[in-house]
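The block underneath contains the structure these notes are about, expressed in structure tokens.
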Amino acid sequence: MSQKQSMDVELGDLLHASSRSALPPAHGSAPPPPRAAAGATSTTTTTTTNRHPPSPPPSAAGYTVHRGAVGAGSFGQVYRATRRADGADVALKRMGYSECEAGGVAAALLRESAVLRLLGGVSGCIELLEVLRDESSPPSGRARRALLVFPFYDFDLATLLRLHASQFEGGHVRSFVHQLASALAYSHSRGVMHRDVKSDNVLVGRDLQLKLADWGQAAIGVGGVAASDGGEAESPPARRSGGATSMWYRAPEILFGSRHYDEKVDVWSMGCVVAELLRTQGRAVSEQRTPGRAVMRGRDVEEQGRIAIGVCGAPAADSPLRALPGCPAPSESGKRRPHAAATVAAQLDVVGVDADAERLLEMCVTLEPCARATAVAVRDSPFCAAAPLLATLPRFR
Ligand SMILES: Nc1ncnc2c1ncn2[C@@H]1O[C@H](COP(=O)(O)OP(=O)(O)O)[C@@H](O)[C@H]1O
Ligand SMILES: [Mg+2]
């Protein structure tokens, strides 16, 4: 069977899948604020909105699609829709599926749907309700498109931070970190690494439930189950893509050229999100610097690597990182942190937070993957243990 045929068979399988579970109750009727293009921080791809002229909204039997995309990222636009049968509020993520080259949009669609099936929408991983054909696209040919149907969430974390940073309380931060770490702990336990953890890909409902979304770059085969990026079994160690993860959230081992990294790359990215969350605390809103923006912002991969070293200190002489082709030589790696008081938190301009928060950042934003915490350790950390119940927290207005 050719690669194209095999893709089509798998897509046919996806299109015939039926909804597995009921939707949560519809959210309030207020339309969400428009969201910035989610791919803005990605260096691996440009946004679809940039690449293609505007296309008509999607169309699917049984759904009324609202006008205007609510989000756009690397692989497609996301629209809000109402399921006519029960009024449920859903998001339709539109993705092309005719480009079958490895790493193309079809690969992303198949990977995202397969991974979401495996994860089953539990423990903070977003639930895939069904996959439909976009009836506004031609039934065959290069322009045809599919729709991934998800429950609708009112915010992504980047937007929430940009619009409502002043409303963040310590309890929100603890709860969101706990929920995000729980989602990653669960996916890693199922052998899946996300590989694109960033605040744009974290969704939050009005009830403050958090869902980790956008599994289009995920890789299956973590924790002893070896697999390539495409998810096919092969002998360990698996060789992985160097372009995974938006650059500002990319772990140092990938930046330096490793192709045999593991799920710890997600923990580094989570640390970057934790720093964004913690920056809402400990200083007046007027002094907050650009809420919702990544905390380590290099202009290219080399500079991104040097920033990571500037924050964490240079790798030790016997570190495996030193053997990687892109690891800066000791002379160019920038100064080590000058003294113990210059914590990772201080380096990331996170101030006025308690010792548990500082320790949490040190656990995640650690240069050496083997010294970096697991998602389970983050979830079970003292910082997360003090997360309040969602019902006790104020909602965002
Ligand atoms: N279920 C959803 N509910 C509401 N908004 C969503 C949902 N899924 C995605 N979005 C919005 O669309 C954006 C792009 O979706 P994403 O799945 O990240 O696609 P991409 O792979 O193109 O980045 C997200 O950053 C978010 O703002
Ligand atoms: Mg995204």
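What follows is calculated from the coordinates using simple rules that are stated; it is not laboratory data. All values derive from a computational prediction rather than experimental measurement. Virtual Cβ from ideal backbone geometry, glycine too; neighbours counted across all protein chains shown.
Per 0.36 nm of contour for each residue apart, how much would the distance between His260 and Gln167 grow if the chain were fully extended, relative to their Cα-Cα spacing?
29.4 nm
Among His260, His178, His194, His66, which comes first, second and so on when ranked by fewest other beta-carbon atoms within 10 Å?
His260, His66, His178, His194
Net charge within 11 Å of Ser187 by Cβ-Cβ distance, Lys/Arg positive one each and Asp/Glu negative one each, not counting Ser187 itself?
0
Amide H to amide H, which residues 5 or more places from Cys125 or on other chains are under 5 Å from it, using H placed in the peptide plane?
It is Leu212, by chain and number.
Using amide H atoms built 1.01 Å from N in the peptide plane, name the residues 5+ places from Tyr63, or on other chains, whose amide H lies under 5 Å from its own.
The answer is Arg84.
Could you list which residues have their amide H under 5 Å from that of Ala88, counting only those 5 or more apart in sequence or on another chain, with H placed in the peptide plane?
For Ala88, the qualifying residues are Arg83.
For the stretch 118-167, what log10 I(q)/I(0) values come out of the Debye formula at q = 0.29 1/Å, with one point per alpha carbon and no solvent?
-1.02
Would you please calculate the Kirkwood hydrodynamic radius of the stretch 114-207 over all C-alpha pairs and express it in Å, rounded to one decimal?
Computed over Cα pairs of the stretch 114-207, the Kirkwood hydrodynamic radius comes out at 15.3 Å.
Treat the count of other C-beta atoms within 10 Å as a stand-in for reagent exposure and order Arg395, Arg359 from fewest to most.
Final ranking by Cβ density, sparse to dense: Arg395, Arg359.
Could you calculate the contour length gain from Ala143 to Ala355, that is, 0.36 nm times the residue separation minus the distance between their Cα atoms, to one decimal place in nm?
Taking Ala143 through Ala355 to full extension adds about 71.0 nm, to one decimal.
What are the semi-axes of the equivalent ellipsoid of the stretch 54-167, taken as the square roots of 5 times the eigenvalues of the Cα gyration tensor, listed largest first and rounded to whole Å?
23, 18, 15
Output wanted: per-residue J couplings in Hz (rounded whole) for the stretch 364-373, from phi through Karplus 6.51 cos²θ - 1.76 cosθ + 1.60, θ = phi - 60°, x for Gly and Pro.
Rounded to whole hertz, the list is 8, 8, 10, 4, 7, x, 6, 8, 6, 5.
What is the diffusion coefficient of the stretch 155-392 in µm²/s, taking the Kirkwood radius over Cα pairs and the Stokes-Einstein relation at 10 °C with a viscosity of 1.306 mPa s?
This corresponds to a translational diffusion coefficient of 88 µm²/s.
Label Arg397 and Ala323 with points 7 Å out from Cα along Cα→Cβ: what is the distance between them in nm?
5.8 nm
Between the stretch 125-198 and the stretch 58-101, how many Å separate their Cα centres?
That distance is 14 Å.
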